[in-house]
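Just so it is clear, none of the values below were taken in a lab; they were calculated from the coordinates. This one's a predicted model, so the numbers in the text were calculated from it and none came from an experiment. So basically every Cβ, Gly included, is an ideal-geometry build from the backbone, and we count neighbours across all protein chains shown.
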Amino acid sequence: MIWNQYYAVLASKEVKKNHLYGVTRFGEKLVFYRTPEGKVACLNDRCCHRGASLCTGKLHNGHPQCPFHGFEYDSDGKVCFIPANGKSTPVPANFKVNSYVCKEKGGFIFVWYGDNKKAPAEVPYFEELLSGWRYAESHEVWAVHYTRAIENQLDVVHLPFVHKTTIGRGGKAVVNGPLVRWEGNRMTYYVDDVLDQGQRPLKAEEVPNFDQKYSLQLQMPNLWQNRIAPKIRVMAAFAPIDDEHTMIYIRFYQRVLRTPILGGLMVHLGNTADRVILHQDRRVVLTQLPKKSELQMGENLVQGDAPIIAFRLKRDALKKENAK
């Protein structure tokens with residue numbers, strides 16, 4: 001994991017009012033809930049008293065209440081009431097659990113994985129998707145590290161083989177470029193796959209107007225979008241569960257059809273198609289070893305792997321820059 005980063009970890013709709021929601025993210029048991037004001041809060045899911053899971057308890061007066069002995073916690077992770085000690089007894093300062101800074105944006109819940117005091121007010125996101133778009137969403141768990149799941153979406157070489165019955169039809173196996181550009185922590189990569197007629201793949205600088213071709217984007221550390229057309233997008237969040245599991249949220253966005261019924265039908269069909277394509281990927285990605293990717297792994301990469309190499313370099317740089 002990269003320290004001091006906002007990670008999209010849940011869909012906003014998963015954390016409902018008056019309910020505790022327990023999940024594993026970053027290899028840690030976490031409990032999410034909404035305060036009486038509707039703000040999302042996140043705590044370590046282990047009572048500081050006897051280690052019971054808080055998510056199996058309930059919300060009492062807006063506070064997570066441990067099901068074992070009734071300890072209640074505020075959104076900063078501090079115990080605010082110990083029933084066995086009575087209401088008037090002060091709670092010692094060491095009675096607390098870790099809390100996490102949470103933000104909501106674009107229908108996702110983001111958790112700051114790092115030093116809470118360094119958490120920025122703004123969450124990096126694909127701002128253009130925040131208004132005027134309708135989307136449908138689905139999610140599933142893959143038994144791989146989140147880096148492997150992300151790299152699958154950066155892999156522009158695999159289409160005619162993994163997706164030969166869907167988006168890889170046509171057999172365009174030769175990969176020109178790709179052209180990779182960074183703006184801060186956002187990578188845009190441009191794709192030009194062509195038929196093999198005995199030619200060598202062109203370098204990015206040899207392709208005229210490469211930056212006007214089909215493009216996709218990665219927002220570090222775990223968001224991705226496929227800019228299919230001006231009014232059609234596919235977007236995904238790769239939420240790290242642990243070193244060997246990732247929750248993938250996949251969304252189909254459109255602003256072609258504005259009427260609720262037709263627009264809703266279009267995003268539903270689009271998301272269904274996305275899942276078909278995603279499952280074609282899953283069949284292969286689950287076989288990759290090791291389950292986690294790193295900058296140096298003894299692989300023999302090719303020119304078309306430029307987006308993957310760029311991702312690994314950026315991730316390695318961010319890890320070093322934000323080391324604990």
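Structure values in brief
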read-out	value
Residue among V79, S12, N61 farthest towards the positive dipole end of segment 5-118, charges placed on Cβ	S12
Order of D192, D243 - criterion: other Cβ atoms within 10 Å of each residue's Cβ, fewest first	D243, D192
Rg over Rh, two decimals, segment 128-321 (C-alpha only, Kirkwood Rh)	0.96
Those trypsin sites (Lys or Arg not before Pro) in segment 248-313 that DSSP places in a loop and that have at most 14 other beta carbons within 10 Å	R258, K292
Cleavage-rule hits, GluC sites (Glu not before Pro), segment 66-166, DSSP coil, Cβ neighbours within 10 Å at most 11	E122
From the C-alpha gyration tensor of segment 131-206, square roots of 5λ in Å	26, 19, 14
Cα lying deepest toward the dipole's positive end in the chain, options A121, L278, F311, charges on Cβ	A121
Globularity index of segment 83-188, i.e. its alpha-carbon radius of gyration over 2.2 N^0.38 Å	1.73
Length-normalised contact order for the chain - Cα pairs under 8 Å, 6+ apart - percent	19
Cα centroid separation, segment 305-320 to segment 101-153 (Å)	19
By average C-beta atoms within 10 angstrom, highest first, the peptides 314-320, 108-114, 76-82	108-114, 76-82, 314-320
Residue pairs, from the table K39/K118; K164/K231; K118/K292; K96/K118; K29/K105; K16/K291, whose Cα atoms sit over 29 Å apart	K16/K291
Neighbour cut-off at most 11 other Cβ (10 Å), DSSP loop, trypsin sites (Lys or Arg not before Pro), segment 116-181	R169
Relative contact order (percent, whole number), segment 128-321, Cα cutoff 8 Å, 6+ residue spacing	29
Gain upon complete extension [T56, V276; 0.36 nm per residue less C-alpha separation]	75.7 nm
Cβ-based exposure ranking for K87, K17, in which fewest neighbours within 10 Å come first	K87, K17
